[in-house]
């Protein structure tokens with residue numbers, strides 16, 4: 001069991017960030033959260049030895065979520081990353097999945113499903 005895995009959670013909505021953080025902590029995750037891209041990148045750079053996966057909202061102000069995902073991948077190509085968004089149409093989600101292997105979750109995200117996906121991504125990375 002991965003009881004103390006670290007996750008970077010990036011969401012501009014404070015209430016959603018708190019909901020997901022509390023939910024993931026209840027599943028045993030240690031959560032570092034950020035409200036925007038620059039602070040997410042700084043947090044990962046400072047905590048990269050502790051953070052095993054990242055979850056990034058695609059609708060971030062300034063540095064958009066897809067750019068944050070790319071920047072995190074630049075810092076560590078092996079870091080498993082997930083995206084989430086409330087404003088993704090089915091066709092946009094299909095296009096995103098064609099362009100990227102990054103899992104995409106529609107919001108509101110169910111914490112139990114996110115936990116399962118993050119554990120699977122972390123386990124797959126450790127198996128390599």
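The values are calculated or read from the model by the stated rules, or taken from the named source; none is laboratory data. This structure is a prediction, so every number in the text was calculated from the model and none was measured. Using ideal geometry, Cβ is built from the backbone for each residue, glycine included, and neighbour counts are taken over all protein chains shown.
Quick notes on this one:
- The set of residues in the stretch 75-93 that are crowded, with 16+ Cβ neighbours inside 10 Å and either within 13 Å of the chain's Cα centre (by Cα) or at pLDDT 90 or above (or both) comprises 79, 80, 81, 82, 83, 84, 85.
- Only a single item in (1) modelled with pLDDT of 95 or more; (2) in contact with a helix residue (DSSP H, G or I) (Cβ under 8 Å, 6 or more places away or on another chain); (3) under 15 Å from residue 10 (Cα atoms) is not met by residue 27, and it is number (3).
- Considering residues of the stretch 20-54 that are part of a helix (DSSP H, G or I) and either touching a residue at least 60 places away in the same chain (Cβ under 8 Å) or at positive phi (or both) only, the residue surrounded by the fewest Cβ atoms within 10 Å (Cβ to Cβ): 26
- Looking only at the stretch 75-128, residues that are within 13 Å of residue 7 (Cβ to Cβ), assigned to a helix (DSSP H, G or I) and in contact with a helix residue (DSSP H, G or I) (Cβ under 9 Å, 6 or more places away or on another chain) come to 4 in all.
- Residue, nearest to residue 53 (Cα to Cα), within the stretch 98-109, restricted to residues that are free of Cβ contacts under 8 Å to residues at least 24 places away in the same chain and exposed (fewer than 13 other Cβ atoms within 10 Å of the Cβ): 101
- Only residues that are under 19 Å from residue 123 (Cβ atoms) and assigned to a loop (DSSP other than H, G, I, E, B) were counted in the stretch 55-66, giving 0.
- Yes/no for residue 68 being crowded, with 20+ Cβ neighbours inside 10 Å, touching a residue at least 40 places away in the same chain (Cβ under 8 Å) and in contact with a helix residue (DSSP H, G or I) (Cβ under 7 Å, 6 or more places away or on another chain): yes
- Selected residue (only one of 8, 72 is assigned to a helix (DSSP H, G or I), modelled with pLDDT of 95 or more and within 11 Å of the chain's Cα centre (by Cα)): 72
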